[in-house]
1. Could you tell me which numbered condition B:GLU84 fails, if it satisfies all but one of (1) more than 17 Å from B:SER10 (Cα to Cα); (2) in a strand (DSSP E or B)?
2. Could you tell me whether any residue of the stretch A:176-197 is open to solvent by less than 10 Å² (accessible area, probe 1.4 Å), within 13 Å of chain B (Cβ to nearest Cβ) and assigned to a loop (DSSP other than H, G, I, E, B)?
3. When you check B:ALA241 against the structure, is it within 9 Å of another protein chain (Cβ to nearest Cβ), within 30 Å of B:ASN275 (Cα to Cα) and in contact with a strand residue (DSSP E or B) (Cβ under 9 Å, 6 or more places away or on another chain), yes or no?
4. Among the residues of the stretch A:1-18 satisfying the criterion of being under 20 Å from A:GLY105 (Cβ atoms) and out of contact with any strand residue (DSSP E or B) (no Cβ under 8 Å at 6 or more places or on another chain), which is most open to solvent (accessible area, probe 1.4 Å)?
5. The conditions are (1) touching a Ser or Thr at 6+ places or on another chain (Cβ under 6 Å); (2) farther than 19 Å from B:ASP277 by Cα, and B:LEU177 fails exactly one of them. Which is it?
6. If you check A:VAL151 against the conditions, is it facing chain B (nearest Cβ under 10 Å), more than 23 Å from A:GLN255 (Cβ to Cβ) and either of a type in the set (A, V, I, L, M, F, W, C) or buried (at least 22 other Cβ atoms within 10 Å of the Cβ) (or both)?
7. Output the qualifying pairs, or none if there are none: Cβ atoms under 8 angstrom, residues six or more apart or on different chains, first residue in the stretch A:206-221 and at the interface with chain B (Cβ under 7 Å from one of its Cβ atoms) and under 19 Å from B:PRO75 (Cα atoms), second residue open to solvent by 20 Å² or more (accessible area, probe 1.4 Å) and part of a helix (DSSP H, G or I).
2 protein chains.
Amino acid sequence: MIAIDWGTSSLRVYRLDRDGAILESRSSASGILAVEGGAFAQALEQAAGDWIASGEAPILMSGMIGSRQGWVEAPYAACPAGVEEIGKALREVRWKNHRAWIAPGLSCRDASGVHDVMRGEEVQILGVLDELGAGSHRVCLPGTHSKWVTVSEGRIVSFATYMTGEVYAVLKAHSILGRQMSGEAHSEAAFADGIARSADGTGLLHHLFGVRARGLFGELDDAESASYLSGLLIGHELRTAAGGARFVNLLCTAQLGALYARAGSALGIQTRLFNPDAVTRGLHSLAAYLPEDA
Amino acid sequence: MIAIDWGTSSLRVYRLDRDGAILESRSSASGILAVEGGAFAQALEQAAGDWIASGEAPILMSGMIGSRQGWVEAPYAACPAGVEEIGKALREVRWKNHRAWIAPGLSCRDASGVHDVMRGEEVQILGVLDELGAGSHRVCLPGTHSKWVTVSEGRIVSFATYMTGEVYAVLKAHSILGRQMSGEAHSEAAFADGIARSADGTGLLHHLFGVRARGLFGELDDAESASYLSGLLIGHELRTAAGGARFVNLLCTAQLGALYARAGSALGIQTRLFNPDAVTRGLHSLAAYLPEDA
C-alpha cells in the first residue's frame, strides 16, 4: 500500500509491504500550502506516480490534506475514537482511474465546552497503540501546535492543543523580543532558566517581558534570549498540560524529543520517545476498513 | 515650561503655565522610531520651535527618548522611587544654545530576581500621586506593554510588565489566528467569553488555540474572534496582575480604560480611570529638581 502523511508544509510518502513495514519513503516540501489551484492529484503523482502506475494500492492519507484547505474535507470524527471510528470515517477521493482515502481529523470538547481539533496526529497515535498497551496513557506530540492526548484502552479519549511552537516563532520573528535574538545556537543554561521561571505564578504575559528586561540588563545575549523564551513557553506548556502526570509519552523527532525530555526532567516528569514514523503503522491499521476492491 | 512625552511611536508637546496648567498642546507621529539619524533636536524644533525661540523654559521630557535608541540614554533609577529620586536622576541634553532634561526610566526586580523596566509611565504616575493620596495603591497602565504599579506613600515601590497588547497585535497580524479576523468591530459578548475562558486552569497557550477551534466550528466569526482573543489576554493579565486586589486605578485613554473596566467588572475588580495627560503634572513636579538657571 501507499501511506501518505500530508501536512501543511511537507508531504511524506511511504511504500509499505503487506505487514506495514516501510519498503521505501520519500519526502518533499509539497505541503498543502505549497500546492496551487487545488492540484493535489498532480502533486501526489509527482511524489509517487511511479508507485501508483505500477498498481501499488490502496492509497491512504492523513493530515491537513483532509482539511478545508486540502483535497477534500474529511469531517472531524468525535472523541472518544479508536481505529474503528476513524476507519469508518475515511473519505474517498478519485482522479483519472485512481482512488485514494483520507483519514478524518478528530474533535473533542473540554470541560468548559470549548472545541479542540487535530488532523494527522490521531493516525500517529494509532501507530503506537500496540506499544502503549492496555490502560491509560498521556501522549504529547510537541510542535507548532502541541497535542496532549489521553489514550485509554486503545482509544483516544480526549486531547488539548497548546500553541507553543507557533507563539515562539511569531514572537521571535515579529515582536520586540526578536530584536535581541539571532542565530540558531542553543543555550542549555538559559533554556533551564526559562523553565524555572515558568513556575512563578505571575503569568506568561509577564514572563515574556522578562526576556526583554533581562536582555536590557545584559543577563541574556542573543543566543540565550531565544533559548530562555523556548524554556519559558515549553515550561508553561508542560506544567499546565501534564496535569500532574509523572510520566509522558513523546511522539516527535529526536531533536524536539530531547528538548521536551530535558524540560520534563526539570519538572520531575519522566518521558519516553516514540518515532513519528508511527504514522505508517497507523495508516496500515486503517487499511482494514477500506472496501474490498480498494 | 515645555513638557514633552516622547514615546516610540508618538511625540506630544505641551506648553504649561507656572502652576502646571496646559496652555497649549500638539501631537505628532514623530516617535523616536520615526526620527532618522539621531535628528532629535530637529524633530523637537519642528514640534515646538516657536515656543523654544520665544524663550519658554525649562524643557523637560519623558519616555523612550531617554532609552538607548533615543536622544541620550538616561539610566534607569531603581525602585522604590518617588519624585525626588527621579528628579535627581534627570539627564541633560544640549544643542545650539538650548538645554533640555530627560527623565530616567525606572527598574525593579521581582521576588525571583527578574528585572523589569518602564520609561515614561513613571512620570504619568508622579502626575496622579496627589489624587491617589496617602496609603497603598495599585495602578495599571494598559497598553502594548501594560504596567502594573504598586504605589505606597507617594513612591513607586515595585511594578510588573505584561506584554498583553503586543502579544495581541502580533498574534492577530502574524499567527494562524489572524486569518479568521478582519475589521475593527468589537463584540462585547465574545470579549466577555474570552474573559470567562481565562479562568480555566488549562493555560493561555491552550486557550489561544481555542480561538481557532471555535472558529472552525462556526462559534466565532471574524469580528468575534478578535474580541474573544482580546478578552482572553486581558483576562489572563487581570487575573494574575491584580493579585487579589479588588480595586485598581487605570491610567490610560478612555477607550482602553472602558475595555479594562468591563474586564475588571467581570472579575469583581472595581476600577477608577485617570487621564494619561497626567504626564504634564508629573513633568511639572520634576521641574523643581532642575538647576536654578534651567
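1. (2)
2. no
3. Values: within 9 Å of another protein chain (Cβ to nearest Cβ): yes; within 30 Å of B:ASN275 (Cα to Cα): yes; in contact with a strand residue (DSSP E or B) (Cβ under 9 Å, 6 or more places away or on another chain): yes.
So B:ALA241 passes the test.
4. Restricting to residues being under 20 Å from A:GLY105 (Cβ atoms) and out of contact with any strand residue (DSSP E or B) (no Cβ under 8 Å at 6 or more places or on another chain), the top hit is A:SER9.
5. (1)
6. On the way: facing chain B (nearest Cβ under 10 Å): no; more than 23 Å from A:GLN255 (Cβ to Cβ): yes; either of a type in the set (A, V, I, L, M, F, W, C) or buried (at least 22 other Cβ atoms within 10 Å of the Cβ) (or both): yes.
No; evaluated as a whole, the condition is false for this residue.
7. Short answer, once both residue conditions are applied: none.
This table checks each residue for (1) touching a Phe, Trp or Tyr at 6+ places or on another chain (Cβ under 7 Å); (2) assigned to a strand (DSSP E or B); (3) open to solvent by less than 10 Å² (accessible area, probe 1.4 Å).
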{"position": "A:SER225", "(1), (2), (3)": "no, no, yes"}
{"position": "A:LEU233", "(1), (2), (3)": "yes, no, yes"}
{"position": "A:ALA245", "(1), (2), (3)": "no, no, no"}
{"position": "A:GLY257", "(1), (2), (3)": "no, no, yes"}
{"position": "A:ALA261", "(1), (2), (3)": "no, no, no"}
{"position": "A:GLY264", "(1), (2), (3)": "no, no, yes"}
{"position": "A:GLY268", "(1), (2), (3)": "no, no, no"}
{"position": "A:THR271", "(1), (2), (3)": "yes, yes, no"}
{"position": "A:PRO276", "(1), (2), (3)": "no, no, no"}
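The values are calculated or read from the model by the stated rules, or taken from the named source; none is laboratory data. This is a predicted model, so every value here is computed, not measured. FYI the Cβ positions are ideal-geometry reconstructions off the backbone, even for glycines, and counts take in every protein chain you see. Note: accessible area is taken over every heavy atom of the protein model, side chains too, but ligands, DNA and RNA are not part of it. Shrake-Rupley method; radii C 1.70, N 1.55, O 1.52, S 1.80 Å.
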